[in-house]
Every structure is written in C-alpha cells, then in structure tokens.
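Note sheet for the following structure.
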Amino acid sequence: MAIVDLYPTSLRLLGRPVLVVGGGTVAAPRAKALLDAGAQVTLVAPELCAPARELADAGLVRWLARGYESEDMADAWYAVAATNEVAIDNQVAADAEANRVWCVNHSSAQESAAWTPAVATIEDVKVAVNAGGDPLRAIAIRNAIAAALETGDLPLQRYRGTAGGPVSPDLEPLDHSGGSVALVGGGPGAEDLITVRGRRLLAEADVVVADRLGPRGLLETLGENVKIIEVGKTPGHHPVPQTEINAILVREAKAGNRVVRLKGGDPYVLGRGGEEAIACRENGVDVEVVPGVTSAVSVPAAAGIPVTHRGLAKAFTMISGHEELENVPHGSDHTVVLLMGVGTLNRSMPILEAAGRGSDCPVAIIENGFAKNQRVTIGTLGTIVSLAQACHVRNPAVVVVGDVVRVSPLAPAEIATAYYGTRETISSLS
C-alpha cells in the first residue's frame with residue numbers, strides 16, 4: 001500500500017457493532033478508542049491483558065473468551081486484527097475482505113485494508129495523522145499539531161456552515177448562544193510569555209478588546225473576521241473610560257460572541273480586571289479570568305533582578321507609583337516595585353529615601369521589558385531621578401528599589417560590590 005492509496009475519512013460508529021480480535025496491549029487501546037466513539041465492541045481472545053480485562057469486567061465490551069472464528073465477522077461494520085499472530089490476523093483480514101468489512105491488520109500494515117491514524121482531540125476538533133505506515137512519525141506529527149492547537153498557533157475558531165456543505169474561511173463566525181468573556185493576562189509584552197490557555201482563547205475569539213500593552217503582535221495572527229476593539233490607555237489619557245470598556249464587554253458577549261479582553265501583565269494586578277469581572281457577572285455574562293505573568297515580577301527578572309533573594313530581601317511590595325508610599329515597610333532589604341512610577345519619581349524617590357533606605361539604596365528602571373528596545377537604567381535613590389531625566393526614561397517601565405538590584409548583571413561595580421565584593425565593572429545600560 002502506498003500513501004496515495006489512502007482516502008482519509010471519519011467513521012461514525014455510534015451504536016454500530018465492531019470486532020476486535022486479540023486481548024493484548026495493542027488490542028486494548030484500540031477497543032477503548034472504539035468505545036469512546038460509541039461503537040458496540042466485541043472482543044475475541046482466550047485471555048486479556050489488564051487494561052482489556054478492565055473493559056470486560058466493567059461490562060463495556062462483549063468478551064468471547066476463545067479463539068477467533070470466521071462467524072465472528074458476520075455482523076461487524078469494522079474490524080481490528082491484533083493478536084500478534086500473523087496467521088490469525090491474516091485470517092481475520094481475509095474474512096473481513098470477504099464480508100466487505102474494513103479491517104486494520106496489525107500484523108501486516110502494508111497489506112492492511114485500513115490504517116489506524118495517530119489521533120488527537122482538542123475540544124471538538126479531531127486530528128488524525130497517517131505517515132506512510134510509520135507510526136512513530138505519525139505520533140510525532142500528531143503531537144506537534146495538538147500542541148499548536150492547544151497554544152493557539154493554529155486556529156480553533158468555529159465558522160458557519162452546514163453539515164452537508166463546505167465551510168469557507170470567508171464566512172462569519174458562528175452565533176454562539178450566550179457569549180462569554182475571558183479576561184486574559186497577556187504577560188509583560190513578549191508574545192511567547194502569554195499562558196497556553198490565554199493563547200488558545202485568543203485564537204478562538206470572535207472579538208478582542210485590546211490594551212496598548214501586552215503581546216500586541218498576536219493581534220496580527222488573528223483572522224480577518226475577528227473584531228478588534230482598541231481601548232488602550234496612556235498616562236493621563238483615557239480615550240475609552242473604564243465604564244465604557246465594561247459596557248463593551250457586556251454588549252459583545254450578549255451578542256453571542258466569545259470575547260477576549262487582552263490585557264498586559266495580569267488582569268488582577270493593577271489591571272482593573274476585578275471591575276470588569278463584576279460588570280460581566282452583574283449583567284449575566286459568563287466570565288473567566290486567565291492569569292498572566294505580572295510585570296511586577298517578570299520585568300525585573302528581564303534585567304536579572306529577583307524581587308526576593310536569600311540574604312538580601314525576604315519580601316516585596318508592589319504598588320502603583322501614584323499611591324502613598326509612606327507606609328511601605330522601611331529598609332532596603334524590603335524590595336519595592338513601582339508600576340506606572342516614572343512620572344512620579346520626583347515625589348516617590350525622596351519618600352523611600354527618607355524611610356530608612358538612604359541615598360545609596362540601589363534603584364533600577366526597566367523600560368519595555370522583554371521587548372527588543374528594552375532598556376535598563378541603574379542608579380541609587382540619590383541619583384536615579386537625574387539619571388532618568390538625562391536618559392529620557394519613559395513608560396511603560398517598572399521601577400525596582402532595594403538591595404536586590406545589586407544582583408543584576410547590569411549593575412555598575414560600585415553598586416554590585418556591596419553584594420558580590422570586588423569584580424570587574426559591568427556598565428549599566430542607559
């Protein structure tokens with residue numbers, strides 16, 4: 001059999017009798033898969049391996065505890081020969097041929113009338129792969145396709161179409177009875193730092209309500225039929241108020257759409273995701289929250305800075321740069337991470353300096369974390385304001401205050417030596 005001889009199709013076996021001859025480790029998973037498809041399975045074998053016996057003991061299959069007989073093929077719609085004995089498997093295949101029954105012969109793949117593909121099921125998508133009779137190759141390809149579907153690298157979006165007619169990618173998305181909203185944390189901005197679940201939901205979305213931060217490049221991978229609503233805010237400029245964003249989510253979901261609210265970082269970390277979730281629930285809209293990698297932890301890591309570090313800091317405070325800082329725990333051994341803090345450096349740095357940290361406490365500002373234009377500026381509470389002004393530091397940026405900055409490989413020698421001791425100078429990026 002050559003690969004060109006194959007005609008791929010999908011069998012609907014619900015309620016139909018099928019025959020599996022053999023009781024070993026090949027026959028058992030074949031019987032289980034046929035059961036999962038709703039078939040009425042008859043298993044013929046003198047003895048059964050443990051997995052096959054579990055199926056028989058549970059009454060899921062009809063077990064004929066004997067050798068194969070040609071009469072067993074009489075009512076079958078489909079057959080599997082998997083005894084691991086060539087003569088018996090060939091006899092099963094010959095009887096199937098005589099009865100015009102499609103049969104998979106595991107003792108002779110090249111002569112078999114049918115092949116069992118490597119199968120993956122993702123939601124209601126079933127992928128079956130044949131690879132010229134090479135099962136390991138088929139499994140590897142199947143796994144790669146399944147992973148791409150799971151992560152959203154391949155589309156899972158549904159389209160209109162009838163059971164008897166073609167489905168065109170030009171058709172509009174299906175109307176879903178009762179839409180939904182997913183608040184998806186996109187992480188710090190890198191496209192490969194969104195969660196697998198978030199990426200998958202994005203690939204299935206009918207409508208995406210997008211911020212200006214997060215993995216913006218993923219929007220370009222969406223189909224032309226996906227509606228993208230931009231609601232991004234910049235410091236001091238909120239063209240779409242939060243109440244209107246809430247209304248958009250509810251409106252689009254009630255229109256039957258699967259809505260993804262794509263946000264930077266984590267929806268529940270200074271992202272107002274809680275307000276959006278409450279608005280959805282109060283209006284009877286199904287909503288789920290998909291956590292993201294918060295920039296409060298990930299962006300410092302992009303500069304080699306852990307927010308906690310043995311011997312330097314056991315805890316950290318994440319706070320908006322617009323909030324009051326007077327009550328933040330004192331001391332440079334307690335890390336402070338400021339989000340949206342660039343515009344308030346003139347006020348926040350003196351407050352933190354006066355709160356037991358001193359002017360020599362290290363500070364790092366990481367702009368555009370994980371992006372190609374990421375930039376790190378490192379100084380101290382006494383110098384960081386002038387450094388930021390000289391370098392024209394801009395948002396989006398994360399400010400890290402505390403001794404953990406000394407761990408960064410980008411820290412200049414005079415800051416790093418307090419932790420590492422004498423070492424070669426590593427200039428800060430600015």
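Restricting attention to region 135-147, report how many residues are open to solvent by less than 70 Å² (accessible area, probe 1.4 Å) and over 13 Å from A120 (Cβ atoms). Summing the residues that are open to solvent by less than 70 Å² (accessible area, probe 1.4 Å) and over 13 Å from A120 (Cβ atoms) in region 135-147 gives 0.
Can you name the helices (runs of 4 or more DSSP H) wholly within region 212-307 that have at least 1 residues being among the acidic types (D, E)?
Details: elements: 242-254, 273-282, 295-302.
Passing ranges, in order: 242-254, 273-282.
Which one of these is under 25 Å from the mean Cα position of the chain (by Cα) and over 20 Å from T151 (Cα atoms): R251, R261, R281?
Values: R251 fails: under 25 Å from the mean Cα position of the chain (by Cα); R261 fails: over 20 Å from T151 (Cα atoms).
Exactly one residue qualifies, and that residue is R281.
Which ones in region 338-370 are without any contact (Cβ under 8 Å) to a residue 60 or more places away in the chain, open to solvent by 30 Å² or more (accessible area, probe 1.4 Å) and outside any loop (DSSP other than H, G, I, E, B)? If the condition is that a residue be without any contact (Cβ under 8 Å) to a residue 60 or more places away in the chain, open to solvent by 30 Å² or more (accessible area, probe 1.4 Å) and outside any loop (DSSP other than H, G, I, E, B), then N346, R347, P350, I351, E353, A354, G356 are the ones that fit. On the stretch given as region 160-181, residues that are modelled with pLDDT of 65 or more and open to solvent by 60 Å² or more (accessible area, probe 1.4 Å) total 1. In the condition set (1) open to solvent by less than 60 Å² (accessible area, probe 1.4 Å); (2) in contact with a helix residue (DSSP H, G or I) (Cβ under 8 Å, 6 or more places away or on another chain); (3) part of a loop (DSSP other than H, G, I, E, B), L43 is compliant with all but (3).
Filtered by the rule that a residue be farther than 16 Å from Q91 by Cα, of a type outside the set (D, E, K, R) and open to solvent by 50 Å² or more (accessible area, probe 1.4 Å), region 107-130 gives T116, V119, T121, A128, N130.
The sole residue among G284, G223, G271 that is within 19 Å of R200 (Cα to Cα) and not aromatic (F, W, Y) is G223.
Inspect region 314-321 for any residue being in a loop (DSSP other than H, G, I, E, B) and within 19 Å of I351 (Cβ to Cβ) and give the result as yes or no. Checked against the condition, which is being in a loop (DSSP other than H, G, I, E, B) and within 19 Å of I351 (Cβ to Cβ), region 314-321 yields at least one hit.
When A39, A28 are screened for being within 20 Å of D95 (Cβ to Cβ), under 35 Å from the mean Cα position of the chain (by Cα) and of a type in the set (A, V, I, L, M), only A39 passes. Pairing each residue of region 107-131 that is under 21 Å from W77 (Cβ atoms) with any residue that is open to solvent by 60 Å² or more (accessible area, probe 1.4 Å) and small (G, A, S), provided the two are 6+ apart or on different chains, yields C-beta distances under 7 Å for P117/A128; V119/A128. Scanning region 53-87 for residues that are buried (at least 18 other Cβ atoms within 10 Å of the Cβ) and β-branched (V, I, T) gives V61, V80, T83.
Reported count of residues in region 182-210, each being open to solvent by 30 Å² or more (accessible area, probe 1.4 Å) and of a type in the set (D, E), is 2.
In region 9-17, is there at least one residue being in a helix (DSSP H, G or I) and closer than 19 Å to A120 by Cβ?
Within region 9-17 (the criterion being in a helix (DSSP H, G or I) and closer than 19 Å to A120 by Cβ), the answer is no, since none of the residues qualifies.
Just one of (1) within 23 Å of the chain's Cα centre (by Cα); (2) closer than 29 Å to G341 by Cα fails for R200. It is (2). When the test is whether a residue is closer than 16 Å to N105 by Cβ and either surrounded by 15 or more Cβ atoms within 10 Å (Cβ to Cβ) or not hydrophobic (A, V, I, L, M, F, W, C) (or both), D5 passes it.
Considering every residue within region 111-132, establish whether at least one is within 18 Å of T42 (Cβ to Cβ) and over 39 Å from the mean Cα position of the chain (by Cα). For region 111-132, residues within 18 Å of T42 (Cβ to Cβ) and over 39 Å from the mean Cα position of the chain (by Cα): absent. Counting the residues of region 371-386 that are closer than 28 Å to Y268 by Cα and in a strand (DSSP E or B) gives 3. Of the set (1) touching a Leu at 6+ places or on another chain (Cβ under 9 Å); (2) at pLDDT 95 or above; (3) open to solvent by 20 Å² or more (accessible area, probe 1.4 Å), all apply to A37 but (2). For region 212-246, taking the residues that are more than 27 Å from the chain's Cα centre (by Cα) and either at pLDDT below 90 or of a type in the set (A, V, I, L, M, F, W, C) (or both), the one that is least open to solvent (accessible area, probe 1.4 Å) is identified as V240.
The values are calculated or read from the model by the stated rules, or taken from the named source; none is laboratory data. Every value quoted in this text rests on a predicted model; they were computed, and no experiment measured them. For neighbour counting, all protein chains shown are included, and Cβ atoms are generated from backbone atoms with ideal geometry for every residue, glycine included. We work out accessible area using only protein heavy atoms, side chains counted, and drop any ligands, DNA or RNA first. Shrake-Rupley method; radii C 1.70, N 1.55, O 1.52, S 1.80 Å.
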